[in-house]
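The values are calculated or read from the model by the stated rules, or taken from the named source; none is laboratory data. Remember, it's a predicted structure, so these values are computed and weren't measured experimentally. Every residue, glycine as well, gets a Cβ built from its backbone with ideal geometry; the counts of neighbours run over all protein chains shown. Just so you know, the surface numbers come from the protein's heavy atoms only, side chains and all, with ligands and any DNA or RNA stripped out. Shrake-Rupley method; radii C 1.70, N 1.55, O 1.52, S 1.80 Å.
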Amino acid sequence: MTDPEREPVPAPERASDDDAARAAHLDDGRRVAYGRWRRWVRSLRRRSMLVRVAEGGGDPSDRVYLAYGVVLLALVYGPILWSALAQAGTGLRTAAVVGAANGAGAWDTPDVARLVAGGLLALGVAAAAALAAARAGGPLSVSPAEATFVLGGQFRPRVVLRRRGAALVAGAAVVAAFGATALAHGAGDGAGPVAWWGVCAALLAQVPLAVGVGAQAPRWRRASTSVTAVLLVVGGVAATAALLDPARGRTTIGVACLAPDGGEAPCPVDVGLVAGQPGAGLVVGAALVGLAAVGLVLQALPDEVDVDAAASGHRSTVAAGRGLVGGESGAVADVLGPVTYGGRRARLPGALLRRAPVVARDLLGLRRRPVALAGSLAVGGVGGLLVLLGAGAAGEGAAAGGASPVAVVVGAALLYAASATWCGGLRALAAQTEPGALLPGGPGRQVAAHAVVPVLVGILAAALGGGVTAAWAAAAGASVSAAGPAVLLLVLVIVLVLAARVWVAGATTAPPGVFTPMVTPAGDASMLVLGAWYLRGWLVVIGTAWLLHRATPGGEVVAAVGVAALAAWLVTSGVRRLAGS
């Protein structure tokens with residue numbers, strides 16, 4: 001007999017991967033299907049909702065009535081908006097008739113060149129907005145509860161986020177097709193061309209959506225930023241070319257097809273606008289790009305989305321939205337996340353620090369944000385260019401057929417947007433517990449010191465726009481007889497922009513009088529007044545810029561006096577508010 005203590009002990013069988021996963025309380029997603037689990041959770045939520053409604057004495061059908069109201073509003077105001085866009089597209093019908101009379105094909109005119117180039121620029125702007133939405137928790141929004149209990153468990157993010165991704169794809173397609181079909185119908189196209197324009201717009205609208213979802217994935221964030229930059233540059237160049245040189249507006253995808261000698265030449269590939277409808281190349285290209293973007297949104301990108309960052313952005317966005325409804329806009333700045341600084345090697349200039357410490361601090365702040373400074377200068381330069389062109393600085397044959405109030409208003413809005421980077425010192429002053437108490441002189445003196453850097457940067461942006469305008473006018477041999485009033489208009493717009501920044505700096509809480517009920521035939525309009533209060537700086541700049549365009553040339557003295565008085569009142573109001581806070 002053998003000694004049992006010396007008998008060889010059999011080696012334990014190797015556990016399978018499934019057994020190891022179960023032992024570690026892990027699940028590979030095969031035991032519970034997400035659809036079945038989601039239906040179970042939905043039934044629990046409905047039961048709890050019914051209990052809460054019954055306890056509160058409400059009606060369980062309130063959500064049905066809410067959906068009914070939304071559909072009714074869409075049916076009432078949707079056709080009105082579509083008709084307004086179609087009315088705007090009637091200008092393209094006139095352009096096509098003129099082009100045909102001059103021997104050009106339908107839609108082959110300078111106005112349509114600007115439209116297509118503007119579409120490219122709008123695509124870039126939409127991609128930039130999608131990048132900003134990614135910092136605010138979108139486009140694929142994830143609530144903190146979902147990030148913890150759903151996406152942190154056994155289910156793959158692609159399965160969980162597929163439905164909301166499909167909803168985003170459908171929403172972007174509907175909005176883009178809505179606008180494109182209205183414009184095409186206003187231009188006098190038949191049902192066939194209108195449908196093709198809608199299809200192209202719906203497909204191309206998926207590009208900004210893919211850019212936004214890609215920005216939510218750390219591995220794709222840099223690629224999304226690069227795509228946005230390319231779209232903005234290409235759209236900006238195409239729009240500027242169509243704006244500055246309308247006589248050579250033969251375009252295909254927004255970029256003029258010109259021969260080497262400067263004359264017009266047919267494009268080698270039929271991607272352009274043929275007889276009022278998109279060419280085959282444009283349709284095929286839009287289909288390839290759009291379908292690739294849809295595949296990224298629904299399949300590739302959701303698995304790589306940073307769900308924790310998306311949940312944090314969702315939480316900040318919800319908090320900011322509740323604050324806005326209650327009259328507090330201070331949390332809006334937190335939605336886009338903290339300001340990123342670079343240029344750590346930059347130091348305070350010693351000589352300037354001893355004589356003007358506030359100016360030295362503001363300069364250091366801009367030097368540590370080189371990307372934001374360069375972007376604001378570019379936007380400000382484009383704004384100055386539009387103001388000068390809209391004022392007729394390059395003669396009556398300049399862009400848009402001479403003076404254009406739209407160009408002036410858009411240019412003023414761009415300058416106001418760019419000035420947000422220049423006026424960081426003013427915001428820092430207003431954010432202090434007692435503004436102006438750290439240094440002697442009081443808030444008025446501190447505001448004057450903080451205004452030095454914005455004034456200098458504004459002058460530089462205006463010089464950039466003026467340089468581009470002068471270079472183009474010299475190359476084209478255009479008359480510059482109206483340059484004086486146009487330059488004055490640009491100076492007045494910059495003064496107004498900086499004064500408005502002082503006026504709104506630090507004012508984040510709406511006064512109680514804004515919430516006074518305003519009974520109108522359409523209901524209470526107090527929320528509209530609250531929205532106007534939030535946008536008061538934009539509204540003042542845009543409205544005054546339009547009035548300045550109407551007043552010049554011929555009323556330069558009255559315009560200058562009016563802007564000086566308005567700027568003085570804005571600055572005085574801002575300083576008094578800072579002194580009383």
Task: Cα-projected label distance for I80 with R355, points at 7 Å along beta-carbon direction, nm - done: 6.0
TODO: With a/c under 1.5 counting as rounded, go ahead and sort the stretch 436-546 into rounded, prolate or oblate using the C-alpha gyration tensor (a ≥ b ≥ c being the square roots of the eigenvalues; past the cut-off, prolate if a/b is larger than b/c, else oblate).
DONE: oblate
Task: Potential lengthening between V284 and A88 on full extension [0.36 nm per residue; Cα-Cα distance subtracted] - done: 67.8 nm
Task: From phi via Karplus (6.51, -1.76, 1.60), per-residue ³J(HN,Hα) for the stretch 40-45 in Hz, x at Gly/Pro - done: 5, 5, 5, 5, 5, 5
- [ ] Work out from phi, with θ = phi - 60° and the Karplus expression 6.51 cos²θ - 1.76 cosθ + 1.60, the ³J(HN,Hα) of each residue of the stretch 498-506, listed in order in whole Hz, and give x for Gly and Pro.
- [x] 5, 5, 5, 5, 5, 5, 9, 4, x
Open item on the list: Rounded, prolate or oblate, given the Cα gyration tensor of the stretch 507-581, with a/c below 1.5 counting as rounded?
Closed with: oblate
Open item on the list: Please list, in order along the stretch 210-216, the HN-Hα scalar couplings obtained from phi with the Karplus expression 6.51 cos²θ - 1.76 cosθ + 1.60 (θ = phi - 60°), rounded to whole Hz, x for Gly and Pro.
Closed with: 5, 5, x, 5, x, 5, 7
Open item on the list: What distance in nm separates the two pseudo spin-label positions at V558 and L44, each 7 Å out from Cα along the beta-carbon direction?
Closed with: 7.1
Open item on the list: Could you give the length gained by full extension between I459 and L72, i.e. 0.36 nm per residue of separation minus their alpha carbon distance, to one decimal place?
Closed with: 134.3 nm
Open item on the list: Let me make sure I get this right: for the stretch 355-396, a, b and c are the square roots of the gyration tensor eigenvalues over alpha carbons, sorted descending. Under 1.5 in a/c it's rounded, otherwise prolate if a/b > b/c, else oblate. Which is it?
Closed with: oblate
Open item on the list: Expected output is a single nm value to one decimal: the length gained when fully extending between R445 and R52, i.e. 0.36 nm times separation in residues minus the C-alpha distance. What is it?
Closed with: 135.8 nm
Open item on the list: Suppose accessible area is computed on protein heavy atoms with a 1.4 Å probe; arrange Y68, Y534 from highest to lowest.
Closed with: Y68, Y534
